[in-house]
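What follows is a short report on a single structure.
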Amino acid sequence: QVQLVESGGGLVQPGGSLRLSCAASGFIFRNYAMSWYRQAPGKERELVATIGIPGSTNYADSVKGRFTISRDNGKNTLYLQMNTLKSEDTAVYYCYAKRGTTYWGQGTQVTVSS
């Protein structure tokens, strides 16, 4: 059974940091490109960052220089380090796996507010 389980979300003040994790199981994690998406209230889901199989990364312009995506293939885990958080980063963050077949996690809420 395929599972992507996100964790690490929560409430943080503007300027703060959070680290999201996504634990994967049920598929060969190292063979999949992995991404983080987010969806804010009333908005469409958007791509935040992607990490390829060899580890190449891409980021949305809105998070470049603040967020870092990484993966640990030995632990089947995807990460998103988020620094200098802004109120506009408030959203549900989703883990996404792709190799022909695609899988989604259930999401974790990130709220940036004073």
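The values are calculated or read from the model by the stated rules, or taken from the named source; none is laboratory data. Not measured: the values here are computed from a predicted model. To get the accessible areas, we keep the full protein, side chains included, count just its heavy atoms, and leave off ligands, DNA and RNA. Shrake-Rupley method; radii C 1.70, N 1.55, O 1.52, S 1.80 Å.
Numbers below:
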read-out	value
For segment 70-79, Karplus couplings with θ = phi - 60° (6.51, -1.76, 1.60), whole Hz, Gly/Pro x	8, 9, 10, 5, x, 9, 6, 9, 10, 10
Percent of Cα-Cα distances greater than 16 Å, calculated over segment 53-114	55 percent
Long-range amide H partners of residue 16 with built H, under 5 Å	85
Cα convex hull of the chain - mean projected area over all directions, nm²	6.7 nm²
Rounded to whole Hz, the Karplus (6.51, -1.76, 1.60) HN-Hα couplings of segment 95-105, x for glycine and proline	8, 9, 10, 9, 7, x, 5, 10, 9, 10, x
Apportionment of accessible area to carbon and sulfur, the chain, percent (1.4 Å)	45 percent
